[in-house]
Structures are given as C-alpha cells and as structure tokens.
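The values are calculated or read from the model by the stated rules, or taken from the named source; none is laboratory data. As the structure is a computational prediction, the values presented were derived from the model and not from experiment. Neighbour counts run over all protein chains shown; Cβ positions are idealised from the backbone, glycine included. When the accessible area is computed, the model is the full protein with side chains, heavy atoms only, and any ligands, DNA or RNA have been set aside. Shrake-Rupley method; radii C 1.70, N 1.55, O 1.52, S 1.80 Å.
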Amino acid sequence: MLEREIDMPGPSVETTRLGIVGLGYVGLPLAVEFGKNTAVVGYDINAARIDALRAGHDTTLEVEECAFCDARHLRFTHDARDLAQCNVYMVTVPTPIDAHRCPDLTPLIRASETVGKVLKRGDVVIYESTVYPGATEEDCVPVLERASGLTFNRDFFVGYSPERINPGDRQHRLPMITKVTSGSTPEIADFVDALYARIVTAGTHKAPSIRVAEAAKVIENTQRDLNIALVNELAIIFNRMGIDTHAVLEAAGTKWNFLPFRPGLVGGHCIGVDPYYLTHKAEAVGYHPQIILAGRRLNDGMGAYVASQLIKAMLRRCIQVNGARVLVMGLAFKENCPDLRNTRVIDVIEGLRDYGVAVDVHDPWVDAEAARTEYGLNPIPQPEEGRYDAVVVAVGHTRFRDAKAKGMRHFGRDNHVLYDLKGLWGAGESDLRL
C-alpha cells in the first residue's frame, strides 16, 4: 500500500511511535494490527490484563494467541511512564453511561490526563472512544492542555477515528471495516488518514471535521437502535393479536428494500448506550429529542416485557409461579462472545425474580467471576435435566442453536415453557417466540 508523504509539524507515518491507551475490545486489536509494522506501546491500568497479554492470552477472545506472534513491534505495559517514548497516542477507553443514563466521561478524562503528562511538542492524540459531537475538542483537549502545559493546534494536535469493532464477529475484523478518520487541521487529517491506511485494507473515509466523525459514530448505532425498537413494538402488537412476528418479518422480507431487523434485547456497549450521548448533547443545545428517546424507552423495557410474557405462559400451563425455577440460557449481551457490558438479560432475570421466581443462569462463554463482580450472579456450570418450570434461551450462542429446541427441553420438567427469545428455531418448536 502506498503511503502519502505528509508535510506537517509532527511525526510522519514512517516515524510514528504509537501508544495505545486502553487494551480492551477496541484497543487490543488496534495494537496487534499496528504492531506488525509500527513500534507500539500498549498501555492499560489493569496489571492483570497486561500480564495475560504478555503471556499471549486475550480474555475478550477478540485476538487469537497466534496473532500476538505477528505483532513483533508491540510491547505491553501498565506503567504510564513508558508512553513518554511515543509521539502518537490512540485513546480507546470505554465511554459508558451512569445510573441516570447520562454520559460518563470519567475514563476518557483520566486517559487524557495520562496522555497529557507525557505529551510533547509535535505529538498527535487520536481518540477512538464513542462520544457526542464536540467532546474531543471541548472536553478532552482542555485536559491535554492543562496536563501538558502545551497549546492545542500549535504544540500538539488531535484526531478522531471512531471505533467500529463488533465483538464476537469473526467476519468483520478491524482491517476489513472502512475507517472514518479526521484531524484538527487539514494536515493532521491527512496524517491520521494515512496512518490508519497502513492497517485497514477496506479503505478509509476522511471526514471534513472531528465533529462530523463524532456525529457519524453516534448515529450509526442510534439508527440501529430505532430500527430494533420499531420491530420490538411490532412484536408486542402482533403478540396481542396472536400473530407470529417472525412469520410476518419473513413475509415482509421478500420485498427487496425491507430491512431485516429482528426483535430482541438491546444491550452492549454501543447500541444501548450511544443514543444517550447524542440526546445529551441535543438537550445541551436546547432540543429535546423525541423519536430517539422513545426508541430507547421501548428497548429498555423489553426485559420486563419478556418476563411478563413468560409468567403469563406459565400460568396458562397451570404452573405455580411463586417458587418456580427458571433456567436462563445466556448472559452475554450478544452471541458467541464473553462481553457482559450492559447486557439486558439482567432485566429479564430481575423481572422474573420480582414474581418470586428462582432463576439459574448458564452461559459457557461468560467468566463466572466477571458475572459475580458486575451483576452479583453466580452462573451454574451445567444445568440439571428435568429441573426447570421454564427455559429462556436469551442469547443465540451457536452451541445453544445447535442443541435445538429438543435439547433445551431436556432441562424442563414434564410441564414446562420454552421461550425462544432469539428466534433460533422454527414456529412450533418452542412455546414462545418474541
């Protein structure tokens, strides 16, 4: 791949010494890809995480052990002082929401302070964390200036390139996903674009400004959130009418421009979070979003709806609800990955417990200690056959799909309800589908 020569007051693509701050689902794949041809210092505050990565083990399962061998120029550290040797920094820390569903920029601000302490004249800081439009220049840059004593766009520069990592997706990997890039000056924009072009074979898209790149990221997931909310609402309506939602969607999908969305729980670190970043900024500039927040309310309520649907089905089977045992298959926020962030399966569990139901959770992908720490749950290693009054298949892991409805029914008593929340099997194979 040809590399453009950039005339800029700072590092060139060829002289880049890269520091990546945050080695989770986003930062680690970046560090490994860049580490194949660029000097990279991978930094994370979690010492245990660094020890595991040095041993070639990624607990997120996003990077295979053999890939570490190819990243010959990558080294890991939990000592922030090691970042001082770098001249380009990529910040890839989480940007969650708090209990009031407001953006929590704490990890981003702390990462900016860390970088600011080692920032030098001519350095470039590139943010990948999802934020609302304006956050990079309005919230992060002042922190960099205070911590470094340097002046933005004179002594140092920034860029923004939103992450597009899809946890658990083995098809759409980092090099195969078009990368949106941007910079605080035209020259820096060219540099950032050329830098990512070294590892992204799918190509790059240079946005005209940082704010445009930030906005593009939040609407990617806001659009998906709203589409899923529409289908969830349709499922609620069709369920009341006694119509199979999946059959309706299959029929409607024969039209060439019908979008193939399916009903379900909306969690994770992106779709269930990013819209709140956009609505927060919209309200800050004097506009109260209506459609976006309506979609969020509907999707956030789906866990309670699923619990109520199951309880009604149990009552129709004359199953005693108070004291019943229910098995929930799956806890991760999506299939075939161990990611527990913002999983909405927890809403189903809490909804069932409100009815006096005893809930067991089984997920072969999830780390039991992480489930205890994050949600106070103790997943069972293997469900017992013939023990449960209901079985809820909440996550579409391949292992669950391959077991088929018949395999799941082995865990139920003679009289039980099987709820296929993910639509894994055909009509009639389960007792309930969303």
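Relative to 2.2 N^0.38 Å, what does the C-alpha radius of gyration of segment 62-177 come to as a ratio? Two decimals please.
1.17
I'm checking a number: the convex hull volume of the Cα atoms of segment 186-335, normalised per residue, in Å³. What is it?
On the way: hull volume 27.5 nm³, N = 150.
Convex hull volume per residue, Cα atoms: 183 Å³.
On a full-extension model of 0.36 nm per residue, what is the gain between L61 and R75, subtracting their alpha-carbon distance, rounded to one decimal in nm? Write down the numbers at each step before the final one.
Details: separation 14, 0.36 × 14 = 5.04 nm, distance 1.87 nm.
In short, 3.2 nm is gained.
What FRET efficiency comes out for M241 versus L293 if R0 is 30 angstrom and r is the Cβ-Cβ distance? Round to the nearest 0.05. Walk me through the numbers before you get to the answer.
Values: r = 27 Å, r/R0 = 0.89.
Once the sixth-power term is evaluated, E becomes 0.65.
So what is the diffusion coefficient of segment 1-151 in µm² per second by Stokes-Einstein at 37 °C and 0.692 mPa s, using a Kirkwood Rh over Cα pairs? Show your work: numbers first, answer last.
Values: Rh = 16.0 Å.
It diffuses with D of about 205 µm²/s by this estimate.
Quick one: give the max-minus-min coordinate of the C-alpha atoms of segment 277-434 along each principal axis, largest first, in Å.
58, 34, 31
Can you give me the orientation-averaged projected area of the convex hull built on the Cα atoms of segment 314-400, in nm²?
On the way: hull surface 22.3 nm².
The orientation-averaged projected area of the Cα hull of segment 314-400 comes to 5.6 nm².
Report the FRET efficiency, 1/(1 + (r/R0)^6), for I45 and A99, where r is their Cβ-Cβ distance and R0 is 25 Å, rounded to 0.05. If you can, show how the numbers build up before the last one.
On the way: r = 23 Å, r/R0 = 0.91.
Once rounded, the FRET efficiency stands at 0.65.
At 20 °C and 1.002 mPa s, grab the translational diffusion coefficient of segment 222-277 from Stokes-Einstein with a Kirkwood Rh over Cα pairs, rounded to a whole number in µm² per second. Let's see the in-between values first.
Numbers: Rh = 12.2 Å.
So the translational diffusion coefficient is about 176 µm²/s.
Using only the heavy atoms of the protein chains and a 1.4 Å probe, how would D139, D70, D402 rank by accessible area, largest first? Please report the intermediate quantities before stating the final value.
Values: D139 50, D70 80, D402 105 Å².
I get D402, D70, D139, largest accessible area first.
Could you give the radius of gyration (one decimal) and Dmax (whole number) of the Cα atoms in segment 296-349, in Å?
Cα-based Rg and Dmax for segment 296-349 come out at 13.0, 36 Å.
Would you pull out the residues with amide H under 5 Å of I97's amide H, same chain only if 5 or more places away, H placed 1.01 Å from N?
Amide H neighbours of I97, under 5 Å, 5+ apart: D104.
Would you kindly work out the equivalent ellipsoid of the chain from its C-alpha gyration tensor and give its semi-axes, the square roots of five times the eigenvalues, largest first in whole Å? Can you show the working numbers first?
Numbers: eigenvalues 374, 108, 75 Å².
Semi-axes from the Cα gyration tensor: 43, 23, 19 Å.
Say the cut-off is 32 Å between C-alpha atoms; which of K36/K334; K179/K281; K36/K422; K179/K404; K36/K281 go over it? Walk me through the intermediate numbers first.
Values: K36/K334 30 Å; K179/K281 24 Å; K36/K422 39 Å; K179/K404 38 Å; K36/K281 38 Å.
With Cα atoms farther than 32 Å apart: K36/K422; K179/K404; K36/K281.
What is the chain's relative contact order, in percent, from Cα pairs under 8 angstrom and six or more apart in sequence?
11 percent
For every other residue with a beta carbon closer than 13 angstrom to the beta carbon of G386, add +1 if it is Lys or Arg and -1 if Asp or Glu, then tell me the sum. Working shown, then result.
Numbers: positive: R325, R387, R409, R413; negative: E384, E385, D389, D414.
Once all neighbours under 13 Å are counted, the net charge is 0.
Could you work out how much longer the chain between R353 and E187 gets when fully extended? Use 0.36 nm per residue separation minus the Cα distance between them, nm to one decimal. It would help to have the intermediate numbers written out before the result.
Working: separation 166, 0.36 × 166 = 59.76 nm, distance 5.70 nm.
Computed gain between R353 and E187 is 54.1 nm.
Which value, in nm² and rounded to one decimal, describes the direction-averaged projected area of the C-alpha convex hull of segment 358-419?
4.3 nm²
Which FRET efficiency, nearest 0.05, do R146 and Q223 yield, Cβ-Cβ r, R0 30 Å?
Working: r = 36 Å, r/R0 = 1.20.
Approximately 0.25, to the nearest 0.05.
Could you point to the residue in H280, G351, T201 farthest towards the positive end of the chain's charge dipole, with +1 and -1 charges on the Cβ of Lys/Arg and Asp/Glu respectively?
G351
Out of the DSSP beta bridges found with both residues in the chain, what percent are antiparallel (nearest 5)? It would help to have the intermediate numbers written out before the result.
On the way: 2 of 43 bridges.
Once the DSSP bridges in the chain are tallied, antiparallel ones form about 5 percent.
Would you mind calculating the gained length between D402 and N257 on full extension (0.36 nm times residue separation, minus the Cα-Cα distance), in nm to one decimal?
49.2 nm
Which stretch or stretches of segment 294-315 have amide N atoms under 18 Å from the point lying 7 Å from A282's Cα along the Cα→Cβ direction?
294-301
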